[in-house]
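Note sheet for the following structure.
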Amino acid sequence: MRATWISVGIILFAACKPSDKAPPPPPPPPSPPASDHVVVHAQVVDIIPRRLSGETWQDAEPFLSLYASNPNFLAASAFTPNPGGAASGTAPIFVSSNGGTTWSLRNTIPSEVMTADITHAVGRNPRELYAGIMRQPGYPLNELSTPDFLSFVTMTQLSMRNDIDQPFVRAIKSGNAERLYVGLNDFAAPSGRTATVDLSMNGGATFASRRIETRNTVGQNAPSIRPAVAEDGTVYVAYLGWRSAAGSVIQSDVVVARDDHGASGANPFKDLVDPSDHLPGRLVARNVTITWSNAPTLGQERIGSTLSLAVDGLHSDNVYVAWGDRVGNGDIWTVHVRRSTDRGATWSNDVRTLTNATAPSLAVSTNGTVGLLYQQLTGSGSTSRWVTHLDQSRDGFATHQDIILATVPAMTPAFQFLPYLGDYNFLLTRGNKFLGIFSANNTPDSANFPQGVVYQRRVDFATHRLLDRSGAPVAVSIDPFFFSADVLP
Amino acid sequence: MSTRPLMVWIVLAVLGSPAPAPAQLTREAMVRKSDIIFVGTVTRVGAVAAPDLPASPLTVVVRVDQVLEKPDAVGLVEGDTITVQSVRQGSLKDGMRATFYTTGWIFGDGVAVREVGHEPARAQLAAAMQQDSVARARQKVNDANLRQRIQAASVVAVGRVEEVRPAKLAAAAGHPARISEHDPEWQEAIIQVEEGFKGAQSGQRVVVRFPGSHDVAYVSTPRFAVGQEGTFLLQKDSASGSPLTMMAGQSVPAYTALHQLDVLPKQEGARVRGLMRSP
């Protein structure tokens, strides 16, 4: 496997004061010397199984779950249909029992053919899996569980309700209990404060919906509500506070709330107050411009609600947030990353600013190294490309090291639906690895995958062709790609 | 006392005892529930064909002799071995040749399917005849599905799309307009009826609402374009929250066609008319 890395530009860490009253964040740790670059090795695997070599679907918006109990166990999902077709009563998930080397697809999600959104997280038992989906037809929220993600039994519905958007599931063990945090946009919330976290302190036996937004909105929050949980029970949640709108242009705050006790109290997420108005929810950025476009806008991708949050699991003071907006300097969409080292009390300025990028996903390794997965559109027109990056930093992005996982044509194949690649990707960490998943054009061309790539489905690298089981050519489509990369030591 | 031994005993008892034979499904009923149909020969009982599957008394390994129906994406050819989870323990015996009606279950390096039912295959029956018998059953199933859609429709007509316009929906009380990537972004197509089979007459114009959104939630929902001709099965709009619309200054019912069978090619009109006449 060819391992490459792209040399880094040193960005001065400009600590800033989001509020006049806020103390400045502590200085970043000293940067390593310029020669201290480590070659990052990564493996990329197209997870479409061999026996589905003929598939041509747009397998967008991937998600990943890891089992701490067994490094060989992984679960993944995407907008992948049940191969059985339109009459299917279930949707699939991908599973791996060998660390992501090979994957199979199992039809165990109770949704007709496919879901309209799906995220998941592992439970405390060795094979337990929780999922939040928007179920077909009608796309109500379904919160689901299974005691064994490898089993062939359809997942059990824990709760269901209508009028929500984009469930985002996180879970953590607390004593003997399993705590679930499902960020979602709940249109039934009063007063247009729709940012919500469904909480379960008992492994999904019961849920309570907690409203996170504390300020007035334009009538709703953005779809993306992102919880992140640390080992000590600190729970952060990020959301976009939409304050005003003119047509499809929305002025928004980027907000992070926090609960120091696992959100187990009656009135959670009130532990982080903004000094400007003394309301819960720290304003990380104010009055950013969101251009809502549910049409191909960034290449063939839509834009409008881009958000990621990660906490250092072992040191809950350290937290990162990434969001997308339009800066207005000729960009279509720009991803910003900021950092707090004091439990969200103060935030840096942008530690990464990525023009025409989307789908950021952040994770913090046990050694404090932060990883940033994102996809960036480069070039224009027929020569444009989607470039998938994994960026790592040991010093809060004062310096960083970037590898390219994929660089693929952006205008082929033509979109079948939106999102083209996904409103989100996902990055996780375990031990000395970052593990993640992204979707991309699946042309079997080694030049498109600088770290190398392994296909399970039948391909011919020499001719850059996908083949079905009989050897006939198959059209290029969007596939989910799992990857594993070394964490910078 | 731990309940585990008792649970294990119960599971083994359930797995180990032959279940009562289910009522034999008709071929049409089996086809209706199946997406992978093949002729095969049982080569091992209580076994699996791929290492990532657990063997059980219900699983058998089958050599595929002839593929009769499968989704395009699925790689399955004559000579493959496939794992079948049988409906009933003991119903599939070593060496038995049968037509297997199944649904896809697991796709990896191998394929595993769940049995819907099976028919003993007559060795002398030519491959083409096997294919034909399943194809005829599939046609009956498709006709029955279409007949259901016809019966549920308020309007059945052949026509042509004259105009497409954004829908102006009255906001439902207590539900302000939402911004969501799953917003259907309702559009309206005005269809000039050329031949009405049900609920409309030739020359009449009807308004059909459809999602204009490209969101994944509507990837399989029919869309309309100006000039499009077709056979349309229309239901009164119960999806948008606003059952009426305006046309030529008058309030008229709005219809939807949200199922793939609701929009057919124009030449399917004769088939639709035939199904409406047949019992």
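Listed values for segment A:114-120 are Karplus-derived 3J(HN,Hα) couplings in whole Hz (6.51 cos²θ - 1.76 cosθ + 1.60, θ = phi - 60°), namely 7, 9, 9, 6, 7, 9, 7, and x replaces Gly and Pro.
Here segment B:23-141 carries DSSP beta bridges of which approximately 90% are antiparallel, counting only pairs with both residues inside.
Given R₀ = 22 Å, FRET efficiency for B:Ala177-A:Ser209 by Cβ-Cβ distance, to 0.05? Intermediate results must be reported in sequence, preceding the final value.
Values: r = 22 Å, r/R0 = 1.01.
Computed FRET efficiency for B:Ala177 and A:Ser209: 0.50.
Annotation for segment A:68-111 versus segment A:192-239: alpha-carbon center distance of 27 Å.
For a quick check: sort A:Ile250, A:Ile332 by the number of other beta carbons within 10 angstrom, fewest at the front. Spell out each step's value before the answer.
Working: A:Ile250 23, A:Ile332 19.
With the fewest neighbours first, A:Ile250, A:Ile332 line up as A:Ile332, A:Ile250.
The smallest convex shape that holds all Cα atoms of the protein assembly as shown, its convex hull, gives 177 Å³ per residue.
With runs of 4+ DSSP H residues as the only contributors, calculate the mean residue ellipticity of chain B at 222 nm using -39,500 (n - 2.57) per run, divided by the residue total and rounded to the nearest 500. It would help to have the intermediate numbers written out before the result.
On the way: 4 runs with 55 residues, N = 279.
Mean residue ellipticity, 222 nm, calculated: -6500 deg cm²/dmol.
Anything over 20 Å Cα to Cα? Flag those among B:Lys33/B:Lys70; A:Lys173/A:Lys270; B:Lys70/B:Lys140; B:Lys168/B:Lys198; B:Lys33/B:Lys266, in the order listed. As for pairs spanning more than 20 Å Cα to Cα, those are A:Lys173/A:Lys270; B:Lys168/B:Lys198; B:Lys33/B:Lys266. With the simple model of a label 7 Å out from the Cα in the direction of the Cβ, A:Ala86 to A:Thr289 spans 4.4 nm. In plain terms, the chain from B:Ala127 to B:Gln24 could stretch by 34.7 nm, reckoned as 0.36 nm per residue minus the Cα-Cα distance. Arranged from fewest to most other beta-carbon atoms within 10 Å of their beta carbon, A:Leu105, A:Leu66 become A:Leu66, A:Leu105.
Taking the number of other C-beta atoms within 10 Å as the exposure measure, put B:Phe107, A:Phe207 in order starting with the fewest. Intermediate results must be reported in sequence, preceding the final value.
Details: B:Phe107 29, A:Phe207 18.
Ranking B:Phe107, A:Phe207 by Cβ neighbours within 10 Å, fewest first, gives A:Phe207, B:Phe107.
Overall, segment B:23-141 carries a charge dipole of about 460 debye about its Cα centre when +1 sits on the Cβ of Lys and Arg and -1 on the Cβ of Asp and Glu, all other atoms neutral.
The string of couplings for segment A:309-321 from the Karplus curve (6.51, -1.76, 1.60, θ = phi - 60°) is 9, 9, 10, 5, x, 9, 9, 6, 5, 8, 9, 10, 9 Hz, one whole number per residue in order, with x for Gly and Pro.
According to the square roots a ≥ b ≥ c of the eigenvalues of the Cα gyration tensor, what is the shape class of chain B, taking rounded for a/c under 1.5, prolate for a/b larger than b/c otherwise, and oblate for the remainder? Please report the intermediate quantities before stating the final value.
Numbers: a/c = 2.89, a/b = 1.90, b/c = 1.52.
It comes out prolate by the Cα gyration axes.
Amide H contacts of A:Leu158 (H built 1.01 Å from N, in plane; Pro and chain starts excluded): A:Glu143, A:Leu144, A:Ser145 sit under 5 Å, all sequence-distant by 5 or more or on other chains.
For segment A:70-81, putting each phi into the Karplus relation 6.51 cos²θ - 1.76 cosθ + 1.60 with θ = phi - 60° gives couplings of 8, x, 7, 8, 9, 10, 9, 8, 6, 7, 9, x Hz, in residue order, rounded to whole numbers and with x for Gly and Pro. The modelled label-to-label distance between A:Thr383 and A:His261, using points 7 Å beyond Cα along the C-beta direction, is 6.1 nm.
When chain B is described by a simple charge dipole with +1 on each Lys and Arg Cβ and -1 on each Asp and Glu Cβ, the residue from B:Thr26, B:Val48, B:Ile82 located farthest towards its positive end is B:Thr26.
Read the figures in this text as sums done on the coordinates, not as results from a lab. Remember, predicted model here, so these are calculated numbers, not experimental data. No Cβ is skipped: glycine too gets one built from the backbone with ideal geometry, and neighbour counts run over all protein chains shown.
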